[in-house]
Amino acid sequence: MSKKDPRIKELFTPNIPEPRGHYSQAVQYNDTIYVSGHLPVNPFTGEFIKGDIQEQTRQVLENIETILNDSGSNKNKIIKTTAYISDMANWPKVNEVYNSFFGKYKPARAVVPTRELHYGVLIEIEAIAAI
């Protein structure tokens with residue numbers, strides 16, 4: 001049995017629902033936080049947001065922000081995000097929400113078009129942040 005590296009810490013916050021699969025909400029390695037891909041889940045009910053792409057994007061970003069805040073970081077320390085979207089026609093609306101969320105700060109970003117996302121949602125986002 002191998003020992004767990006003491007520099008690696010699994011992060012969980014009770015302020016958003018626990019993952020439905022075998023993964024952590026985020027993992028910290030040294031001074032970096034790797035946030036798992038998150039779907040638009042209402043943090044109070046645990047239900048998926050079935051609204052439009054803007055509402056779903058906003059919820060995902062707010063959930064990521066909650067994880068970071070509860071882990072000693074914040075949205076202005078996000079280094080990079082990767083967004084998976086099921087319809088590239090929605091990209092201008094996603095970008096509008098990003099602009100509103102981040103303001104003048106522009107972290108690195110990748111956008112991956114995909115045919116379909118889990119549970120029929122329109123967007124999934126993962127992030128890497130400094131502490």
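All of the numbers you see were taken from the coordinates with simple rules; none came from a lab. Since the model is a prediction, treat every value here as computed from it, not as a measurement. Cβ sites come from the backbone with ideal geometry, for glycine too, and all protein chains shown count toward neighbours.
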Return the residue satisfying two criteria in turn: it lies in region 41-61 and is touching a residue at least 24 places away in the same chain (Cβ under 8 Å) and assigned to a helix (DSSP H, G or I), and of such residues it is nearest to Asn90 (Cα to Cα). Ile53
Odd one out for Ala26, checked against (1) in contact (Cβ under 8 Å) with a residue 12 or more places away in the chain; (2) surrounded by fewer than 19 Cβ atoms within 10 Å (Cβ to Cβ): (2)
Taking interchain pairs and intrachain pairs at least six residues apart, which have beta carbon atoms under 6 angstrom, with the first residue in region 106-131 and under 14 Å from Ala26 (Cα atoms) and touching a residue at least 12 places away in the same chain (Cβ under 8 Å) and the second assigned to a strand (DSSP E or B) and among the aromatic types (Phe, Trp, Tyr)? Ile128/Tyr34
Charged (D, E, K, R) and either more than 11 Å from the chain's Cα centre (by Cα) or surrounded by 19 or more Cβ atoms within 10 Å (Cβ to Cβ) (or both): is that true of Lys93 in this structure? yes
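Every residue, every condition in (1) under 30 Å from Pro6 (Cα atoms); (2) not in a strand (DSSP E or B), yes or no:
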| residue | (1), (2) |
| --- | --- |
| Tyr34 | yes, no |
| Asn63 | yes, yes |
| Ile67 | yes, yes |
| Val94 | no, yes |
| Val97 | no, yes |
| Ser100 | no, yes |
| Tyr119 | no, yes |
Taking region 76-89 and the residues there that are part of a helix (DSSP H, G or I) and in contact with a strand residue (DSSP E or B) (Cβ under 8 Å, 6 or more places away or on another chain), the one that is surrounded by the fewest Cβ atoms within 10 Å (Cβ to Cβ) would be Met88
Qualifying residues in region 102-117 (those that are part of a loop (DSSP other than H, G, I, E, B) and more than 19 Å from Glu65 (Cα to Cα)) - the one farthest from the chain's Cα centre (by Cα): Arg115
